[in-house]
Amino acid sequence: MPILLLFKPPGKREHTGGEIMRKKVVSLLTVMALAIATLAGCASSTDTNATTGTEAATEATDEAAADDAAVEETADAEEATEDAAQVTGVKAGFIFLHDENSTYDLNFLNAAKEACEKLGIEYLIKTNIPEGQECYDAACELADAGCNFIFADSFGHEDYVIEAAKEYPDVQFSHATGTKAHTENLSNFHNAFASIYDGRYLAGIVAGMKLNEMIDNGDITADQAKMGYVGAFTYAEVISGYTSFYLGARSVCPSVTMEVTFTGSWYDETAEKEGANKLIEDGCVLISQHADSMGAPTACETAGVPNVSYNGSTASACPNTFLVSSKINWEPYFEYAINCVAAGNAIDTDWVGSLDTGSVELTELGSSVAAGTQEAIDAAKADLIAGKVHAFDITTFTVEGAELSSFEADVDTDPDYTPDHEVVFDGYFHESDIQFRSAPYFNVQIDGITLLDTAF
């Protein structure tokens, strides 16, 4: 059942001098802070938030009167924050494939709330919107509700968002992981992604360090350093992710190999758990994933197998096996796009976030990582940002025993997936390069990785 959530920011306040007025301002600021906290914690209506704020007003007034010095300090700090963040003229709408039960969608949900509340704008959220006509309907409903920036988060939403963009030319539409913005040539339709392959590469280093520890401890031999990976579909985004993860691991553990199995779904807890168990039974001693449920991490915790998760920490649920997680932080993009709409500036047709912009992140490390892991990823991160290291450096892998000296990718996606752009130059595969498009197009099967099955 699709869910629609409405969020409205607190109204602006007037500022005047004088001690009495300052106390009133601080009381109102406190009410606003409490209202925002309520918004962040749950999906409630504007009326509910207003009631909560009213109940808190009496307490806030009493506290303000008790300490004039604290009042003044708080007022100054709150005023500076509000003045720096507030934007006007934008109402945002968000379309999500699942809800907070999906790690993928929860990551988007959190970023949307954080960005909109930071900027002080009203926003609407629609969850559990399938990759079908329902997406078009949801986009139209958001536009009709006054949203002038609308974002959808799943690959299969793209065609329906494009249809809505054509119908509402005065509304700006953005879509994550999409491939068609640069060929549709619509001024109000945009694609966005990030260099998550760099995050996967760093997570792979965490995995490789753990494998080295297991080898050094005598738990496995070097030739038993086999990882498993649970993927959703045999699709470029997933292939790019597991390949960069593998190359990160191999950069510190040269003997590592990897097996991949696919579920045929972005979110299927049962299938993901079964996939992880199949890999473990096949001798994989460490598991990662590009799928959105807790299926694989739970299987690893039960089996006592180290796990690298995705889109958020699983440390609380899997304290004994969680190593690290990588994710795209979407807040920088949402803030960028919302500010563009507010200022009347064009949004990039294809936008690519990076480690340097804070759009690609690793969680804190789990308690069972190998010694020296943090130092290793800090050094690699610095080299990636500086361009000294590239995740898809062609000297670090082979394809059927040979170096990948040339590759034409299907950047301008068509039904036949016809290659159309050379993407190997300067010594590496240029993945999600802004000169091409934001969404991944790496679909090369490199040596050292075995696919147990496929799912298209």
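Out of curiosity, is residue 183 within 22 Å of residue 433 (Cβ to Cβ) and surrounded by 21 or more Cβ atoms within 10 Å (Cβ to Cβ)? Judged against the criteria, residue 183 is not a match.
Results for (1) surrounded by fewer than 24 Cβ atoms within 10 Å (Cβ to Cβ); (2) more than 13 Å from residue 245 (Cβ to Cβ); (3) without any contact (Cβ under 8 Å) to a residue 24 or more places away in the chain, shown as yes or no for each residue.
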residue	(1), (2), (3)
279	no, yes, no
291	no, yes, no
299	no, yes, no
305	yes, yes, no
309	no, no, no
316	yes, yes, yes
324	no, no, no
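Looking across region 408-450 at every residue that is charged (D, E, K, R), assigned to a loop (DSSP other than H, G, I, E, B) and in contact with a Pro (Cβ under 9 Å, 6 or more places away or on another chain), the one that is surrounded by the most Cβ atoms within 10 Å (Cβ to Cβ) is identified as 431.
Residue by residue, here is whether (1) under 22 Å from the mean Cα position of the chain (by Cα); (2) β-branched (Val, Ile, Thr); (3) within 23 Å of residue 215 (Cβ to Cβ); (4) at pLDDT 95 or above holds:
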residue: 255; (1), (2), (3), (4): no, no, yes, yes
residue: 269; (1), (2), (3), (4): yes, no, no, yes
residue: 275; (1), (2), (3), (4): no, no, no, yes
residue: 283; (1), (2), (3), (4): no, no, yes, yes
residue: 306; (1), (2), (3), (4): no, no, yes, yes
residue: 313; (1), (2), (3), (4): yes, no, no, no
residue: 343; (1), (2), (3), (4): no, no, no, yes
residue: 347; (1), (2), (3), (4): yes, yes, no, yes
residue: 350; (1), (2), (3), (4): yes, no, no, yes
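Across region 313-368, the number of residues qualifying as in the same structural domain as residue 383 (by TED's automatic domain parsing), aliphatic (A, V, I, L, M) and in a loop (DSSP other than H, G, I, E, B) comes to 3.
Within region 177-192, does at least one residue satisfy the condition of being assigned to a helix (DSSP H, G or I), farther than 30 Å from residue 246 by Cα and either within 14 Å of the chain's Cα centre (by Cα) or at pLDDT below 95 (or both)? Within region 177-192, none of the residues are assigned to a helix (DSSP H, G or I), farther than 30 Å from residue 246 by Cα and either within 14 Å of the chain's Cα centre (by Cα) or at pLDDT below 95 (or both). Quick one: is residue 219 farther than 18 Å from residue 432 by Cβ, at pLDDT 95 or above and of a type in the set (Asp, Glu)? Yes: the conditions hold for residue 219. For region 235-253, check the following and say yes or no: at least one residue is in contact with a strand residue (DSSP E or B) (Cβ under 9 Å, 6 or more places away or on another chain), part of a loop (DSSP other than H, G, I, E, B) and at pLDDT 95 or above. No, region 235-253 contains no residue that is in contact with a strand residue (DSSP E or B) (Cβ under 9 Å, 6 or more places away or on another chain), part of a loop (DSSP other than H, G, I, E, B) and at pLDDT 95 or above.
Being in contact (Cβ under 8 Å) with a residue 40 or more places away in the chain and either among the hydroxyl-bearing types (Ser, Thr, Tyr) or outside any loop (DSSP other than H, G, I, E, B) (or both) is the filter here; which residues of region 266-277 pass it? Write out each step before concluding.
Restricting attention to region 266-277, the residues satisfying the condition of being in contact (Cβ under 8 Å) with a residue 40 or more places away in the chain are 266-267, 272, 275-276.
Correct list: 267, 272, 275, 276.
Checking residue 372 against (1) surrounded by 13 or more Cβ atoms within 10 Å (Cβ to Cβ); (2) more than 25 Å from the chain's Cα centre (by Cα); (3) under 25 Å from residue 328 (Cα atoms), only one condition comes out false. Which one? Among (1) surrounded by 13 or more Cβ atoms within 10 Å (Cβ to Cβ); (2) more than 25 Å from the chain's Cα centre (by Cα); (3) under 25 Å from residue 328 (Cα atoms), residue 372 violates only (1).
All conditions but one from (1) closer than 26 Å to residue 295 by Cβ; (2) of a type in the set (Ser, Thr, Tyr); (3) buried (at least 24 other Cβ atoms within 10 Å of the Cβ) apply to residue 234; the one that does not is (3).
This table checks each residue for (1) outside the structural domain of residue 442 (by TED's automatic domain parsing); (2) among the hydroxyl-bearing types (Ser, Thr, Tyr); (3) surrounded by 22 or more Cβ atoms within 10 Å (Cβ to Cβ).
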position	(1), (2), (3)
209	no, no, yes
225	no, no, yes
229	no, yes, yes
241	no, no, yes
251	no, yes, no
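For region 144-195, the tally of residues that are more than 14 Å from residue 348 (Cβ to Cβ) and among the small types (Gly, Ala, Ser) stands at 8.
Condition first: among the hydroxyl-bearing types (Ser, Thr, Tyr) and either on the phi > 0 side of the Ramachandran plot or in contact with an Asp or Glu (Cβ under 7 Å, 6 or more places away or on another chain) (or both). Now tell me which residues in region 180-212 satisfy that. 183, 197, listed by residue number. When we screen 288, 293 for residues that are farther than 25 Å from residue 397 by Cβ and either assigned to a strand (DSSP E or B) or within 22 Å of the chain's Cα centre (by Cα) (or both), the only hit is 293. Residue 44 meets each of the listed conditions (1) of a type outside the set (Val, Ile, Thr); (2) at pLDDT 50 or above; (3) outside any helix (DSSP H, G or I) apart from (2).
Of all residues in region 404-456, those satisfying the criterion of being touching a helix residue (DSSP H, G or I) at 6+ places or on another chain (Cβ under 7 Å) and charged (D, E, K, R) are 412, 431, 437.
Looking only at region 384-407, residues that are surrounded by 12 or more Cβ atoms within 10 Å (Cβ to Cβ), within 20 Å of residue 446 (Cα to Cα) and aliphatic (A, V, I, L, M) come to 5 in all.
Residue 428: hydroxyl-bearing (Ser, Thr, Tyr), under 22 Å from residue 153 (Cα atoms) and under 25 Å from the mean Cα position of the chain (by Cα), yes or no? So residue 428 fails the test.
The values are calculated or read from the model by the stated rules, or taken from the named source; none is laboratory data. Everything numeric here is computed off the predicted structure, so don't read it as measured data. Reconstructed Cβ throughout: ideal geometry from the backbone, glycine too, with neighbour counts over all protein chains shown.
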